[in-house]
Amino acid sequence: MSYILLQSPQDAVIPFQILGGEAQVCQIMLKPQEKVVARPGSMCFMSGSMEMENIYIPENEVGMWQWLFGKTITSVVLRNPGPSDGFVGIAAPSLARILPIDLAMFGGELLCQPDAFLCSVNDVKVSNTLDQRVRNVIGGIEGFLRQKLTGQGLAFILAGGSVVQKNLEVGEVITVDVSCIVAVTSSVNVQIKYNGPIRRAVFGGDNLVTAVVTGPGIVFIQSLPFHRLSQRIARAVTSPNMRENPKFFVQIAIFFFLAYVVIVSSLILTDDSDESNFAVREDHKR
């Protein structure tokens, strides 16, 4: 079995192998006392000498936004207590490709899409951060909640479909669908652009939100984001009648809205009528 060898800044060789074509598995060899930090539920297999532990991420690495919006606040630590070498297999949670990222080659920092992080070896810190530039904020929490990887170690991130790496020169500009951006280096400037009225996005508009990416820096682009794949699957399993009549849900919504207006109006008219009758009876009594 052949392995890819990565030389870290600490002169430690990290052998690993990416297995499979889709829904890949990353097999990492660990020397005694070495460890891998991975997302929960990603461990696929490991040698008998390995130890696994679920830990809470320190509060300063999690952030309030991650907890409020249902993100996990635990990690899995797979440690080799020794005395011989061991191995562990970390699997992608969906039909995704695993990208090895040596953070030392990217200035020690990389901004990723939400939930892109899979696992890491050596000095890698994972945090969730809000992009403070207002022009970069798009609708929905997943639009502005980003994962930041910092450190000098080896990290593995997830991408869907085929992956393209664009090395942008100073001032070079490309336009990318927002959901297709996997990761960017910190030197890259990203501006969000709306290609039409926002209301169209509510009714299923595609490519309405794009990112204008300006160099210098590196951009990793995926051809098949997970949410796009899940939408295709959802449409395939939906009943044929609904697929053939996409206005069905809009018609139902309009029907319930009109019914609500009629009911509220009738209640208001009934109250007014009762008050008028009560006033008439009081006049007769007088």
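The values are calculated or read from the model by the stated rules, or taken from the named source; none is laboratory data. Quantities reported herein were computed from a predicted structural model and do not represent experimental measurements. Virtual Cβ from ideal backbone geometry, glycine too; neighbours counted across all protein chains shown.
Here are some notes:
- Being at pLDDT below 90 and closer than 30 Å to P93 by Cβ is true of V178.
- Verdict on V170 being exposed (fewer than 14 other Cβ atoms within 10 Å of the Cβ), out of contact with any strand residue (DSSP E or B) (no Cβ under 8 Å at 6 or more places or on another chain) and either modelled with pLDDT of 90 or more or among the polar types (S, T, N, Q) (or both): yes
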